[in-house]
Ligand code: SF4
C-alpha cells in the first residue's frame, strides 16, 4: 500500500511528513485509529522530496482553504521537509498551518524553529494539554520530561514574537477549572486560546 504523504480533509490539504514524535499522549489519535478520513497514515518510510511532490501534483492547490502540516506524528521531527514544502506552498500562494506539540526546538537540537518557519507558515496551533509541568507530563509522557512544558511555552512565545498567528489549544475533557488555568497560561504567552473536542479528527494529535 502506498504511503500517504498528502491527503484531503474537509476543505484543507494535509501533509503527513513523519510518524516520529517525542511524546506519547494519552489521547493521541494514533492509539485509536490507523489514520483519518479513510487514509492510512502510518508510514513505512518518510517521504523523499520527489515522492511528496509527485503526490502533491495530483491535487489542485487553489481548491483548498489551507495547507496543514499535522500528524500522524510531530511535523517538526521532519523539519527539513517541512521547510521545503512550506516554502513551495507559500510561493504558490497557499495559506499554511502547522499543528505541533511545540517541542520542535528540543527535537532539532536547539534550532530556533519559530524563526525558521516564520517566512512560510501563517498559523501555528500548539497543543497545551495541561496548565502545569506535572499535569503535562502525566498526559503527554514526553521523552524530554519536565523540560518539555517550558520549551513548549517558549516556542509559543517565539512564534508570537515572529509574527505568526499562534493558537494554543486544550481538549475539552480536562474540566472547567483546568481549562481556566490553561487559559491563563496561554494569555501569558500572547497566543490565542482554543478548546477543542477530544476526537477532533486530525486537527491535532
Ligand atoms: S498527540 Fe501529537 S504530540 Fe501527542 S503523541 Fe500524538 S502525535 Fe505526539
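The values are calculated or read from the model by the stated rules, or taken from the named source; none is laboratory data. Everything quoted here is computed from the prediction, not taken from an experiment. Virtual Cβ from ideal backbone geometry, glycine too; neighbours counted across all protein chains shown.
Condition check for residue 174 on (1) under 17 Å from the mean Cα position of the chain (by Cα); (2) surrounded by 15 or more Cβ atoms within 10 Å (Cβ to Cβ); (3) modelled with pLDDT under 95: one failure, at (1).
May I ask you to say which residue of 98, 89, 116, 41 is surrounded by 18 or more Cβ atoms within 10 Å (Cβ to Cβ) and more than 30 Å from residue 163 (Cβ to Cβ)? Steps first, please.
Details: 98 fails: more than 30 Å from residue 163 (Cβ to Cβ); 89 fails: more than 30 Å from residue 163 (Cβ to Cβ); 116 fails: more than 30 Å from residue 163 (Cβ to Cβ).
Only one candidate passes the filter, namely 41.
Taking region 92-108 as the range and being more than 12 Å from the chain's Cα centre (by Cα) and within 14 Å of residue 61 (Cβ to Cβ) as the test, the residues that pass are 92, 93, 94, 95.
Within region 135-145, the residues that satisfy the criterion of being modelled with pLDDT of 95 or more and exposed (fewer than 15 other Cβ atoms within 10 Å of the Cβ) are 143, 145. Could you tell me which residue of region 8-17 is nearest to the ligand (Cβ to nearest atom), considering only residues that are closer than 12 Å to residue 71 by Cα and out of contact with any helix residue (DSSP H, G or I) (no Cβ under 7 Å at 6 or more places or on another chain)? So the residue we want is 16. Residues that are more than 29 Å from residue 89 (Cβ to Cβ) and in a helix (DSSP H, G or I) were ranked within region 138-163; the one that is nearest to the ligand (Cβ to nearest atom) is 139.
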